[in-house]
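Student: One structure coming up, written as structure tokens, with questions to follow.
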Number of protein chains: 2
Amino acid sequence: MTAHSPTSLSRTETLSLLSLTFACVVILTNTFQGDGEPLIASLALSGLAFAATFAMIRWLGPTFMKAGLKGVDMSKHHRKEIPECMGAICAVVYLLVVIIFVPFPFYKDIVAATSGGGNRDVVLHVEHVQQGRFLHRFPHSKLASYLSAIISLQSIAILGIGDDLFDIRWRHKFFIPAFASIPLLVVYFVDFGVTSIVIPIPLQPYLGELFNLGPLYYVYMAGVAIFSPNSINILAGINGIEVTQSIVIAMLLAINDALYLITPPYPHPATDSHLFSLYFLLPFLGVSFALLWYNRYPARVFVGDTYCYFAGMVFVVVSILGHFSKTLILLLIPQIFNFVYSVPQLFGLVPCPRHRLPRFNARTGLLEPSITPWTVDRQPKPPIAWGLKMLHNLRLLRVTLDGQGRFVETTNFTLINLWLVWRGPLREDKLALELTAMQTVLGLFGLFVRHGLARVVFKEDNWGITGRW
Amino acid sequence: MTAHSPTSLSRTETLSLLSLTFACVVILTNTFQGDGEPLIASLALSGLAFAATFAMIRWLGPTFMKAGLKGVDMSKHHRKEIPECMGAICAVVYLLVVIIFVPFPFYKDIVAATSGGGNRDVVLHVEHVQQGRFLHRFPHSKLASYLSAIISLQSIAILGIGDDLFDIRWRHKFFIPAFASIPLLVVYFVDFGVTSIVIPIPLQPYLGELFNLGPLYYVYMAGVAIFSPNSINILAGINGIEVTQSIVIAMLLAINDALYLITPPYPHPATDSHLFSLYFLLPFLGVSFALLWYNRYPARVFVGDTYCYFAGMVFVVVSILGHFSKTLILLLIPQIFNFVYSVPQLFGLVPCPRHRLPRFNARTGLLEPSITPWTVDRQPKPPIAWGLKMLHNLRLLRVTLDGQGRFVETTNFTLINLWLVWRGPLREDKLALELTAMQTVLGLFGLFVRHGLARVVFKEDNWGITGRW
């Protein structure tokens, strides 16, 4: 740390942030010259979101600590208290930015309608019909879904802050994202109601081209909404990992969106839904990079549950309203593995300690897998014992037995601990970097498979209902 | 207090709440038999909101206190700590209820559209055009304004909770409602854009029938949005007063809405906007009555800034989107008086202590006006001194002078203190009751003037743009 006060920005930082802010404001103003290019405006607003988050995390750290929002980093030599729940700042800045952004995708429509005069509603609807389904901008009628996305994100922010404040019990907080997804589902019901999925070609002779899931589609959406935020929340425990995994997923989704936007020679039917997705992902990347600056090793702030829930919900919102929730699932493979792998402890088959983060070895300064100890009195039941040894043989767990073949300890069931079992003790930053790299490679491979194989399995390179968006 | 644990409901309470819940669920289910009567559904959901808020305030009190959200009631003999910021529970329950309510106003449209099959959008728009402006239900195109209202209310909830947590400075928090009104203004801009006001008949020869305020209309709306929540927040300091004043305003607005809904023989052009208003006011009354139960004298919980901001924003949302913001101003007369009266202290002309709530006289158990002391060294400047004496002569302040005509003390500039100057020392509950009664009488008189005189001053009994909402 430099000599300046920990709550004020250094001169370099101030100058950099001011330059960025100035550049973004100029770009934003320029978008009004043309058609109000919403994608450029979104980029500029994301830059502003980065600058605002960066400054506010610095300024508000002590305020958060004074309000009791603080924590101790257990994987460091010097266990000092640092601000907790900084994801709340990201959420508030993000929400403000996406709210301010609302008029931009509609700018062209507003201009057209205003010059038309008279009854605006009718003018817009006729215009919508005339331009057909291949609009490069948001159609005016999609305002409602944009707003419902904001409502879901605000709901998760409120519930996440509540969780950070009151430390809600695990079995209750699991359903927090379900509550937050209600606005999404309700507006989906009112405004779209599309509950059909496209059937892969090999199955079409049996099931038809479209299969209507009916009410089950809402259960499916609620399931995705519950899983995504929770899965990010449980792949946690080392500096920066919550933010880097969210950034990787957001960037992979953005790449996926970009693939749809650059398909010559004609605009892809799903262009609108992928523009929509970018409008929500770019500001998220803005606030996340600012948070990462402080949360990377050695962490100067913690992100809190708010950030994890919020990140997961951003992905849910863009993928459900953009009709590419299956692509999201493909990009959540490390999180899905971590969840499935955690099941024995989450459901109590194996004792689960309060914290499962890796153990900090103060002598070496490296992280080692944390363990669940087994006493002579409390040994696993035979089927569990068999399973644990099996996992050990598959190199999916490290089991330590004593001379009599009794269980002494087993490593905790998290992907982070498993990685340490595979790679041996690592320094915290190297561990986070390797996990992030692994996730990036897996995600890129997933996108390759999705776009390479989709053409074979489906008629078109798009799993959603073409043109609905 | 009875013998049961303070965080659990008594058997009578449990039975009453369960009966209410059961009745409301039955009513709610029945609305699906007919046209999904949204007003009945809203009433039933408001009953559920009451039950949920009532139970949750009881259950979560200790959790709030553990998280540091607690305060001391300074106007009691026994100054024990009680939970603070319980308005946050009201806000969360309210938001959940209005989100769940979203499909109800559109139920008829959904049924019509679903049976129509094919491209739902087109079906709905045509239907909308055919039914014209006299729809008794929400037109589908109004979904966006409903959602923007929810976004504004969620924003104020987040900012209010932030204020309760971090004790934001007065000059900063003054603008919190402005931030929260951004979604409202943005969606207003995208979706309506009506910035004209109807000119009173006597002025029409000079200004025309409609006068376009243009961008100033947004400044006006932001002004109302800033004023309403803040004015409720500063008329505070005795048990129950924040909640009772909000309930009175909400009920008067609901009466005003009812007057539009019962105008035979044909539906009033503004029917939709007043139904919209009721959909937001009824659940607000539900959560507020539950809060009042705990906050009335002697208070067992405090409401927090969250409640005041939230209440003020509910009124802003319904009156701006319903185009009757001038009626709201009419109902805020006690708050406006309190604000104007507070100006000398808010702007530092007279010293302003941290708290201006009435002084509790422990001997009598009554409240007396709190005072600002003047020392011999620090006397008011001549013009201020003249003004203070003038106010004293007008019975709008109590000034105490010493033998040499020097200022010893002046009562603080709040409506509550002024009421005590007029009425003499009062017990806290009597003071709250009298202020509430005064506000009710003033409000009813305001409504009478508005509906009686409006017919003379305007062509129609409606200040908004007829039919737009």
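This table checks each residue for (1) in the same structural domain as residue A:101 (by TED's automatic domain parsing); (2) in contact with an Asp or Glu (Cβ under 9 Å, 6 or more places away or on another chain); (3) outside any helix (DSSP H, G or I).
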position	(1), (2), (3)
A:269	yes, yes, yes
A:283	yes, no, no
A:286	yes, no, no
A:298	yes, yes, yes
A:302	yes, yes, yes
A:305	yes, yes, no
A:310	yes, no, no
A:317	yes, no, no
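Student: Which members of segment A:414-430 meet the condition of being among the aliphatic types (A, V, I, L, M) and under 22 Å from the mean Cα position of the chain (by Cα)?
Tutor: Answer for segment A:414-430, where residues must be among the aliphatic types (A, V, I, L, M) and under 22 Å from the mean Cα position of the chain (by Cα): A:415, A:416.
Student: If you go through segment B:171-194 one residue at a time, do you hit one that is within 14 Å of another protein chain (Cβ to nearest Cβ), farther than 30 Å from residue B:83 by Cβ and of a type in the set (Gly, Ala, Ser)?
Tutor: yes
Student: While we're on this one: Any residue that is assigned to a helix (DSSP H, G or I), within 22 Å of residue B:231 (Cβ to Cβ), in the same structural domain as residue B:284 (by TED's automatic domain parsing) and under 21 Å from the mean Cα position of the chain (by Cα) - is there at least one of those in segment B:202-216?
Tutor: Looking for residues that are assigned to a helix (DSSP H, G or I), within 22 Å of residue B:231 (Cβ to Cβ), in the same structural domain as residue B:284 (by TED's automatic domain parsing) and under 21 Å from the mean Cα position of the chain (by Cα), one finds none in segment B:202-216, hence no.
Student: For residue A:367, work out the one condition from (1) hydrophobic (A, V, I, L, M, F, W, C); (2) in contact (Cβ under 8 Å) with a residue 40 or more places away in the chain; (3) in a loop (DSSP other than H, G, I, E, B) it doesn't fulfil.
Tutor: (3)
Student: If you don't mind, there's one more thing I want to ask. So which residues in segment B:33-73 are among the β-branched types (Val, Ile, Thr) and out of contact with any strand residue (DSSP E or B) (no Cβ under 7 Å at 6 or more places or on another chain)?
Tutor: B:40, B:53, B:57, B:63
Student: Could I ask something else about it? Out of B:350, B:343, which single residue is of a type in the set (Val, Ile, Thr), out of contact with any Asp or Glu (no Cβ under 7 Å at 6 or more places or on another chain), over 24 Å from residue B:403 (Cβ atoms) and not assigned by TED's automatic domain parsing to the domain that holds residue B:410?
Tutor: Of B:350, B:343, the one residue that is of a type in the set (Val, Ile, Thr), out of contact with any Asp or Glu (no Cβ under 7 Å at 6 or more places or on another chain), over 24 Å from residue B:403 (Cβ atoms) and not assigned by TED's automatic domain parsing to the domain that holds residue B:410 is B:343.
Student: Exactly one condition in (1) under 21 Å from residue A:76 (Cβ atoms); (2) assigned to a helix (DSSP H, G or I); (3) β-branched (Val, Ile, Thr) is false for residue A:226; which is it?
Tutor: Result: residue A:226 fails condition (1) only.
Student: Only one of these is part of a strand (DSSP E or B) and closer than 24 Å to residue B:331 by Cα: B:197, B:238, B:232, B:247. Name it.
Tutor: B:197
Student: While we're here: Taking into account only those residues within segment B:1-37 that are of a type in the set (D, E, K, R) and modelled with pLDDT of 90 or more, which is nearest to residue B:298 (Cα to Cα)?
Tutor: My answer is B:13.
Student: Let me ask something else about it. Go through segment B:190-225 and give me each residue that's under 19 Å from residue A:102 (Cα atoms), among the aliphatic types (A, V, I, L, M) and at pLDDT 80 or above.
Tutor: B:219, B:221, B:222
Student: When you scan segment B:189-202, do you find a residue that is closer than 26 Å to residue A:149 by Cβ, touching a residue at least 24 places away in the same chain (Cβ under 8 Å), β-branched (Val, Ile, Thr) and surrounded by 20 or more Cβ atoms within 10 Å (Cβ to Cβ), even just one?
Tutor: Checked segment B:189-202: at least one residue is closer than 26 Å to residue A:149 by Cβ, touching a residue at least 24 places away in the same chain (Cβ under 8 Å), β-branched (Val, Ile, Thr) and surrounded by 20 or more Cβ atoms within 10 Å (Cβ to Cβ).
Student: Taking the residues in segment B:58-74 that are outside any helix (DSSP H, G or I) and either within 16 Å of residue B:298 (Cβ to Cβ) or of a type in the set (D, E, K, R) (or both) as candidates, determine which candidate is nearest to the other protein chains (Cβ to nearest Cβ).
Tutor: Among those residues, the one meeting the criterion is B:70.
Student: May I ask you to list the residues in segment A:52-77 that are free of Cβ contacts under 8 Å to residues at least 40 places away in the same chain and not basic (Lys, Arg)?
Tutor: A:56, A:60, A:63, A:64, A:65, A:67, A:68, A:72, listed by residue number.
The values are calculated or read from the model by the stated rules, or taken from the named source; none is laboratory data. Since we're looking at a predicted model, the values are computed, not measured. All Cβ positions, even for glycine, are placed from backbone atoms using ideal geometry, and neighbour counts span all protein chains on display.
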